[in-house]
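> Got a structure here, written out as C-alpha cells. Questions coming.
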Amino acid sequence: MNQYLSDLDTRRFGIVTVKADGFAQEDELAQCFSFCQENQASLLIARIDASKTPLTHAMERAGALLCDTLAYYDLPLSKVPKAPEARASSDAVVVREMVAADHAHVVGISKAAFSGYFGHYHSDPRLNKQDCDDTYVSWCASTLASTDPTNRILVAQDDAGVCGFLTMRLHEDARLELLLSGVDQRATGRGVYRRLIQAGVAFAAEHQLAHVFTSTQISNIAVQKVWCAQGFAPTNYVHTFHKWF
C-alpha cells in the first residue's frame, strides 16, 4: 500500500487530503484510515483494483463513495513495427515537443478542456465544481513548470497556432505514461487527439521504451476507441473511492 498527504488537493480544496493506492488486503484499509486520522485528514482518495471485490465491499461498508472507475490500456512497443505516421491530410497539423513560448497556449486549452470534466473530483457532491476544474488545470500548470526530465509534453500546432497538448511521464521500468491531454475547440473533429497519441507512441519507440500505457474514466468511450485503433488493449480497471472523516 502507498499512502501520502496530497499537497495539491489540500491547497485546492482547503482540507487535508490523503491519497492511497496499491491495497493488497483488507487490514490495510484500517491502517490507511488510522493514517488519515493521525494527520487530521478530512478526505481520503483511495484507488482499489476492481478485481479485488472484498476490498471494494469493505470500502463501501466504511461509507466511502465510489467516484469513478479507471480503465487502463497498454501498448507493447514490440507490437509496433515502426513509428506510426499520421494519415495524409490537407489539414496541416504538426506535433512537436513543447517549448517555453507554448505555455500560455497550453494552459488556455487546459482550462477549456477541463471545464466540467467529469472525473472523480466532479463526482463528489461535497467538492466545489470550480475547484474541481482548477485541480486539473493546476496539475497541467505544475507539469509545465516542472524541470523533472521524466515529464515530457507534446503540442499539436496548425496554421493558427497551438491547438492541442499531451503530457507524458517516463517511468524507470521503460514505460511511457500518457497523462493529461486537451484539444482546442476550434480543432475538434480533425484528428488532433489521434495524432498526439501517435506522436506519443513514436516518442516511446524513438527512446527504445518497452510499453506505452494510459488510463481514463470507464465511461469515456471516445478516447478508448482512439487507443484501440492504435493497438492499445485494456489491462485492468481501478475504482476511485472518496471517504470523508
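> Might you check whether a residue that is more than 30 Å from Ala20 (Cβ to Cβ) and in contact with a strand residue (DSSP E or B) (Cβ under 8 Å, 6 or more places away or on another chain) occurs anywhere in region 232-242?
no
Residues checked against (1) surrounded by fewer than 18 Cβ atoms within 10 Å (Cβ to Cβ); (2) at pLDDT 95 or above; (3) of a type outside the set (Ser, Thr, Tyr):
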| position | (1), (2), (3) |
| --- | --- |
| His122 | no, no, yes |
| Cys132 | no, no, yes |
| Thr135 | no, no, no |
| Ala145 | yes, no, yes |
| Leu154 | no, yes, yes |
| Ala202 | no, yes, yes |
| Ala205 | yes, yes, yes |
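> For Ala92, all conditions in the list (1) touching a residue at least 60 places away in the same chain (Cβ under 8 Å); (2) assigned to a strand (DSSP E or B); (3) out of contact with any helix residue (DSSP H, G or I) (no Cβ under 6 Å at 6 or more places or on another chain); (4) among the aliphatic types (A, V, I, L, M) hold save one; what is the number of the exception?
In the conditions (1) touching a residue at least 60 places away in the same chain (Cβ under 8 Å); (2) assigned to a strand (DSSP E or B); (3) out of contact with any helix residue (DSSP H, G or I) (no Cβ under 6 Å at 6 or more places or on another chain); (4) among the aliphatic types (A, V, I, L, M), Ala92 misses (2) alone.
> If you don't mind, there's one more thing I want to ask. Pairs, please: C-beta under 7 Å, at least 6 apart or cross-chain, first residue over 14 Å from Val107 (Cβ atoms) and in region 162-175, second part of a strand (DSSP E or B) and among the charged types (D, E, K, R)?
Met168/Arg152; Met168/Glu177; Arg169/Glu177; Leu170/Arg152; His171/Glu177
> Being buried (at least 18 other Cβ atoms within 10 Å of the Cβ) and touching a Leu at 6+ places or on another chain (Cβ under 7 Å) is the requirement here; does Gly164 meet it?
yes
> Give the residue that is farthest from Gly191 (Cα to Cα), with candidates limited to residues of region 224-245 that are β-branched (Val, Ile, Thr) and in a strand (DSSP E or B).
For region 224-245, the residue satisfying everything is Thr240.
> Restrict the check to region 98-108 and report whether at least one residue is assigned to a strand (DSSP E or B) and at pLDDT 95 or above.
Looking for residues that are assigned to a strand (DSSP E or B) and at pLDDT 95 or above, one finds none in region 98-108, hence no.
The values are calculated or read from the model by the stated rules, or taken from the named source; none is laboratory data. In this text the structure is predicted, and so the values were computed from the model without any measurement. Cβ coordinates were reconstructed from backbone atoms using ideal geometry, including for glycine residues, and neighbour counts include every protein chain displayed.
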